[in-house]
Amino acid sequence: MIYQNRYLYKMVLVTGGTGLVGSHLLLHLIENGENVRAIYRDINKIQKTKSVFELYKKADLFERINWVEADILDVPSLEIAFIDIEYVYHCAALISFDPKDENALRKTNIEGTANMVNFSIAKEIKKFCFVSSIAALGDLAPHETYITEETDWNPEKPHSDYAISKYGAEMEVWRGVQEGLDIIIINPGVILGPIPKTKNCDQGSAELYVKVANGLPFYTLGNTGFIAISDVVKISYELIKSDIKNERFTLIADNIVFRDILNTIADVLKVKRPSIHANSLFMNFLWIADALFSTLFFQKRRLTKATAKASYSKNLYSNEKIKTALGTVFLDVHQYIKEVSKL
Ligand SMILES: NC(=O)c1ccc[n+]([C@@H]2O[C@H](COP(=O)([O-])OP(=O)(O)OC[C@H]3O[C@@H](n4cnc5c(N)ncnc54)[C@H](OP(=O)(O)O)[C@@H]3O)[C@@H](O)[C@H]2O)c1
């Protein structure tokens, strides 16, 4: 189909277009007049992207996406996906904290990114934007307070398999720079998107809304960086269009205590706020119980040692670099949750 219908203009390739980030990015790019191509693995998943466009009352723009069946682990399929491509946003990834997914994480996130980088070099792509994560940022030394883009990764410190895979993926992107590719890496915190209409969603940050809607009783006093999806796509586009290259940027609007985010979601959804403080001892008990339960009943792990630790860790991230580079003013995350509840 692509061969018969060659585009007059070069296009922007988006991987992960059926996911939270990719679908919103596709909409943002089309609204900005870009010609976009997205890859899919399962034709039924395209419906998810369509639903996102419909949610924002932009269903007509959905037809402008040029869909190509491809897998980032399948090199021949990428050959077709890269025809007439000028810019690449690589959002596709496996997000999992289940220790059983260690190999799949390494394969999809590291090998898949290596494939994307190799094609981008071979096809002389103008700029490659890689969606990484704050999980791939470094570890604070005892005298440091804020994790920045320069904080060193300490391999001696414990990291989740997901974090290791995103860090490994970044290494592939930096290898691309050595081989002449111009890149941008963004490291978003927890990305908040629209509130799911269903009560059984277990994907990404949407799970947070669903858990609260289903009466989550516990809160923790750990914190992390949060950002609204609209800021992620806006900044990614600004970065790729700018003269900035070969830099990474932490994207968080604010460092927020989990209890405060959960309370805002509960208030917006008009459900009871989580009222039981789960301290580190309790969270460690929970992940061990979950590990036992999942082993005995062949269930997917819902809480692991890494996610339990993250829930009470107090990591502070700095967003100064992006603010200085682009003059970014972030949306207030609490306000954003209130706004998306009206969609
Ligand atoms: N969500 C967050 O809070 C968050 C925070 C920080 C960073 N990130 C990063 O942001 C990026 C996007 O995350 P997201 O929340 O949009 O994830 P998501 O909703 O889970 O979407 C993941 C996307 O990757 C695609 N994918 C996975 N394996 C693939 C493969 N082998 N070949 C082609 N496509 C593949 C999926 O396609 P299918 O539909 O076919 O499965 C889906 O489109 C990821 O790189 C993630 O690490 C996310």
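The values are calculated or read from the model by the stated rules, or taken from the named source; none is laboratory data. What you see is a predicted model; the values in this text were computed from it and never measured. Using ideal geometry, Cβ is built from the backbone for each residue, glycine included, and neighbour counts are taken over all protein chains shown. Note: accessible area is taken over every heavy atom of the protein model, side chains too, but ligands, DNA and RNA are not part of it. Shrake-Rupley method; radii C 1.70, N 1.55, O 1.52, S 1.80 Å.
Selection among LEU105, TYR89, ALA59 by position relative to the dipole of segment 1-119 gives ALA59 as farthest towards the positive end (Cβ unit charges, Cα centre). Considering helices alone, the calculated mean residue ellipticity of the chain at 222 nm is -12000 deg cm²/dmol, with DSSP H runs of length four and up weighted by -39500 (n - 2.57) and normalised per residue. Among the listed pairs LYS127/LYS321; LYS58/LYS197; LYS272/LYS300, give every one whose C-alpha distance is greater than 22 Å. LYS272/LYS300, as the Cα separations exceed 22 Å there.
With the simple spin-label model, which puts each label point 7 Å out from Cα in the Cβ direction, the ASP243 to SER275 separation comes to 5.9 nm. Looking at segment 161-312, what % of its DSSP beta bridges pair antiparallel, to the nearest 5? Beta bridges within segment 161-312, antiparallel portion: roughly 30 percent. Surface composition of segment 241-311: carbon plus sulfur atoms contribute 61% of the solvent-accessible area (1.4 Å probe, protein chains only, all chains present). Charge tally for TRP287 (other residues, Cβ to Cβ under 13 Å; Lys, Arg +1; Asp, Glu -1): +2.
Between the alpha-carbon centres of segment 264-281 and segment 51-81 there is a gap of 37 Å. Loop-resident GluC sites (Glu not before Pro) (DSSP state other than H, G, I, E or B) in segment 118-167 with no more than 12 further Cβ atoms inside 10 Å of their Cβ: GLU124, GLU150, GLU156.
Around the Cα centre of segment 92-251, unit charges on the Cβ atoms of Lys, Arg, Asp and Glu (plus for the first two, minus for the last two) sum to a dipole of about 640 debye. Under the convention that each Lys and Arg Cβ holds +1 and each Asp and Glu Cβ holds -1, the size of the dipole of the chain around its Cα centre is about 1160 debye. Fully extending the segment from ASP42 to THR148, taken as 0.36 nm per residue of separation minus the present Cα-Cα distance, adds 34.5 nm. Which FRET efficiency value, to the nearest 0.05, do you get for ASP84 and LYS57 by plugging their Cβ-Cβ distance into 1/(1 + (r/R0)^6) with R0 = 25 Å? The formula returns an efficiency of 0.25 here.
Looking at the chain alone, DSSP beta bridges between its own residues are antiparallel in about 10 percent of cases.
Per-peptide packing, taken as the mean over residues of other Cβ atoms within 10 Å, places 54-60, 71-77 in the sequence 71-77, 54-60 from highest down. Under 23 Å of direct C-alpha separation, and excluding same-chain neighbours fewer than eight residues apart, LYS157 reaches these lysines: LYS100, LYS107, LYS166, LYS305, LYS309, LYS314.
Amide H to amide H, with H built 1.01 Å from N, LEU13 comes under 5 Å of ARG37, GLU86, TYR87, VAL88, TYR89, counting only residues 5 or more places away or on other chains. Using equal-weight Cα scatterers in the Debye expression, the normalised intensity of the chain in log10 at q = 0.12 Å⁻¹ is -0.88. Of the chymotrypsin sites (Phe, Trp or Tyr not before Pro) found in segment 270-343, those in coil by DSSP whose Cβ has at most 14 other Cβ atoms within 10 Å are PHE298.
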